[in-house]
Amino acid sequence: MRGRYVSRTLASVLLFRQPQPVGAGAAANRPFPGAAPRHSSDGQEQPKAWDPALLEFLVCPLSKKPLRYEASTNELINKELGIAYPIIDGIPNMIPQAARMIDRKAQDEEPKQT
């Protein structure tokens, strides 16, 4: 007898429940601790620094070859393929679709920076 009651109650809850959008609820309203932008004393947002020590562990996702950091453009360069991966807020975007093509001849003429 109790099993029928539980089944009916569950069915009524499922039938009349309003669907919530993905990410809704208490967890979605809770701010992520590191999500707020950091501001300096003059109110300017500080860009997050890139740690060059990460180059030891990062390779190009396409060729699996080491990358070179270019400070002037804030990108990781794969000279062999002629592509550059952007670094956004201190995080390298290693998705191949996010990379841009670079001029290989211009890269050959520039001095290497690590």
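The values are calculated or read from the model by the stated rules, or taken from the named source; none is laboratory data. Remember, predicted model here, so these are calculated numbers, not experimental data. Note that each Cβ is placed from the backbone with ideal geometry, even for glycine, and that neighbours are counted across all protein chains shown.
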Taking only region 91-114 into account, find how many residues are surrounded by 10 or more Cβ atoms within 10 Å (Cβ to Cβ) and modelled with pLDDT under 90.
5
Near pairs, Cβ below 7 angstrom, 6+ apart or cross-chain, from region 63-90 (in a loop (DSSP other than H, G, I, E, B)) to any residue that is crowded, with 18+ Cβ neighbours inside 10 Å and aromatic (Phe, Trp, Tyr)
74/50; 90/50
On the given criteria, is residue 28 touching a Pro at 6+ places or on another chain (Cβ under 9 Å) and at pLDDT below 55?
yes
Please indicate, with yes or no, whether at least one residue in region 62-81 is modelled with pLDDT under 85, surrounded by 12 or more Cβ atoms within 10 Å (Cβ to Cβ) and under 19 Å from the mean Cα position of the chain (by Cα).
no
